[in-house]
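Read the structure below first, then the notes.
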Amino acid sequence: MAVADRPGSPQFPAIAGAIAPTSHEAIDAAIETLQQRKDAWLAVSVAERIALVDRLITDNWVIADRWVAACLKAKDIAPDSPMRGEEWATGPYTLLLTLRQMRQSLVDIQRTGKPKIPGTVTTRPDGQVVARVFPQNGYDKLFYTGVTADVWMQPGVTKDNLAENQAVIYSKKPASRVALVLGAGNVSSIGPLDLLYKLLVEDQVVIFKSNPVNAYLGPLMEESFRALIEPGYLRIVHGGAEEGAYLCNHPDVDEIHITGSDKTFDAIVFGPGPEGAARKAANTPLLNKRITGELGNVSPVIVVPGPWSASDLDYQAAHLVSMLTNNAGFNCNATRVIIQHAGWGKRDDLLRRMRAVLRTVPPRAAYYPGARARQESFVAAHPDAELYGTPTAGDQLPWTLISGVNPANTDDICFTTEAFCSLFSETALEAASPAEFLDRAVAFANDSLWGTLNVTILIHPKTLKDPAVAAAYERAIASLRYGTVGVNYWAGTNFVLGVTTWGAFPGHPLNDIQSGNDVVHNSLMFARPQKTVLHAPFRSTPIPPWFVTRATAGAKVFPKLAAFEAHPSSAKVPGIVAAALGM
């Protein structure tokens, strides 16, 4: 999940906290070890990799409680707060789930040479191949009732050559390489997941630099990733701008992956300041090595008008607010622009109910650097912005809603800039029918909003019974240029599922990188994915535990889910189900 250092914030966060920057001498030594061990990593057998993953699962479960406690302390969340469920969900649970899936893929590779695709593989009328990847098993069906996910492949991938575009490194060994992974500061599992992808999917040894915002996790990572550190396949270092620049330009670092800001990406590729801007304009990068990025997004939610009942409106109001308030708004997949039909009679009612939910959510600590300045820049551009919640501490920010943004002002800050704080906006498009609205909303999201990471569509099943709307819906899914499309389910949850891809829609050049140029997670190891499409019922039953209105349930469910992934057992299922039902 990307972070966004939009205008006015530094390209590299300053070092903070008790973790001292790693010296250049220690960085050199770490890279030298990796260079010496990179060929050995290529020679590690699949069976040995399975054993390594088993140890990683065990060691990361051992530290899980301390991991969550450290995040809660850093984000000023009380240890007994219901919000602790968020840290379990996007920390230990997400990592353990992905490790479990990676293990299964390795077992499949050992048996047949390729990870097993759990669902059907179909070809659309236009020739595009679609693979059903979720649910993978009966537990997925139970824990994510009604949720499915399909990975759409890039044009040129066919059913006949799909296997050739899966787990490529396990059939054709690449050249050995040392990869630098620059960690993200907002979500604690991002860094571990990124380095695992480099090792297990791209066959590269890794030097990982922690982000100064959550460098406090460094000692825990040193403990839980010993299986990779001890044999010299992974090194962890710390620091801020100086160390980041030193690492990026180190002659023995072969390539770079960053989860972060497009501004940081540009500074690495083209250099900082006016000279860097000139190089970007001329598309003459300073960097002469491969760099991949998972960056930010002005994440849209398209609300298709329909016969929503009062309870539908309440459910979706909580859904929309949850997409913002999760992690205090410091997610690249947070709701940023809600796109409504200007003539829908329930538009104002939905906004009214969203406001009611916002009033019930206490303000959160704005722990990520630059948040207050970003929020103030949006409010300065929109003095009518609505503020909800009364901060009780100096580092807290109110929830902020900017409604009725003029869609004709395509250079509006709400459309061009990722807020990356506790703020979202709403706009409305004129259209003669729901079908026309959907076409216009897709065009607006594709052409007027910055980024291509993720988009969510909310559409009532009765609305889809109209053949014109159904046709527009099919066009929308195919036409949306986003790495994840969520239908009736927050697209941001795709980050957690592991088996799905997470990253930008492919095709961004270096000098217009937007949301990035690669994917991560992707435990089935597809080499040429285009996007993931999630589907869910219009209203999930039970209500998902990540809804802000169900935080108490989430605080119970996600530790249990993490424990299940650490040691799967059917005996644990009743407790998980009871917690999800609020029992």
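The values are calculated or read from the model by the stated rules, or taken from the named source; none is laboratory data. Because the structure is predicted, anything quoted here is derived from the model rather than measured. Positions of Cβ are backbone-derived with ideal geometry, glycine not excepted, and every protein chain shown enters the neighbour counts.
Report the residue count in the range 278-332 for those that are without any contact (Cβ under 8 Å) to a residue 12 or more places away in the chain, of a type in the set (A, V, I, L, M, F, W, C) and under 30 Å from residue 260 (Cβ atoms).
Qualifying residue count, the range 278-332: 2.
Consider residue 359 carefully, then state whether it is in contact with a His (Cβ under 8 Å, 6 or more places away or on another chain) and either within 30 Å of residue 431 (Cα to Cα) or in the same structural domain as residue 443 (by TED's automatic domain parsing) (or both).
No.
In the range 198-256, how many are hydroxyl-bearing (Ser, Thr, Tyr) and not in a loop (DSSP other than H, G, I, E, B)?
Looking only at that region, the number is 3.
Would you be able to say whether some residue in the range 367-381 is in a loop (DSSP other than H, G, I, E, B) and either in contact with a strand residue (DSSP E or B) (Cβ under 7 Å, 6 or more places away or on another chain) or within 22 Å of residue 339 (Cβ to Cβ) (or both)?
No - not one qualifying residue is present in the range 367-381.
Residue by residue through the range 410-437, note down the ones that are free of Cβ contacts under 8 Å to residues at least 40 places away in the same chain and not β-branched (Val, Ile, Thr).
411, 412, 432, 433, 435, 436
List the pairs whose first member sits in the range 344-355 and is in contact (Cβ under 8 Å) with a residue 24 or more places away in the chain, whose second member is surrounded by fewer than 20 Cβ atoms within 10 Å (Cβ to Cβ), and whose Cβ atoms are under 6 Å apart, counting only residues at least 6 apart or on separate chains?
Note: pairs meeting the criteria are 349/313; 350/313; 353/313; 353/314.
If the requirement is being touching a Phe, Trp or Tyr at 6+ places or on another chain (Cβ under 6 Å), basic (Lys, Arg), assigned to a helix (DSSP H, G or I) and modelled with pLDDT of 95 or more, which of these qualifies: 572, 556?
572
Output the number of residues of the range 382-404 satisfying the condition of being over 28 Å from residue 76 (Cβ atoms) and surrounded by fewer than 19 Cβ atoms within 10 Å (Cβ to Cβ).
3
Can you tell me which residue is surrounded by the fewest Cβ atoms within 10 Å (Cβ to Cβ) among those in the range 31-64 that are among the aliphatic types (A, V, I, L, M) and outside any helix (DSSP H, G or I)?
The extreme case among them is 43.
Of everything in the range 454-471, what is of a type in the set (D, E, K, R) and assigned to a helix (DSSP H, G or I)? Give them in sequence order.
Within the range 454-471, just 465 meets the criteria.
Can you name every residue in the range 115-136 that is of a type outside the set (Gly, Ala, Ser), in contact with a strand residue (DSSP E or B) (Cβ under 7 Å, 6 or more places away or on another chain) and surrounded by fewer than 20 Cβ atoms within 10 Å (Cβ to Cβ)?
Correct list: 117, 118, 120, 121, 122, 123, 124, 128, 130, 132.
Counting only residues that are within 24 Å of residue 473 (Cβ to Cβ) and out of contact with any helix residue (DSSP H, G or I) (no Cβ under 8 Å at 6 or more places or on another chain), which one in the range 516-544 is surrounded by the fewest Cβ atoms within 10 Å (Cβ to Cβ)?
Restricting to residues being within 24 Å of residue 473 (Cβ to Cβ) and out of contact with any helix residue (DSSP H, G or I) (no Cβ under 8 Å at 6 or more places or on another chain), the top hit is 541.
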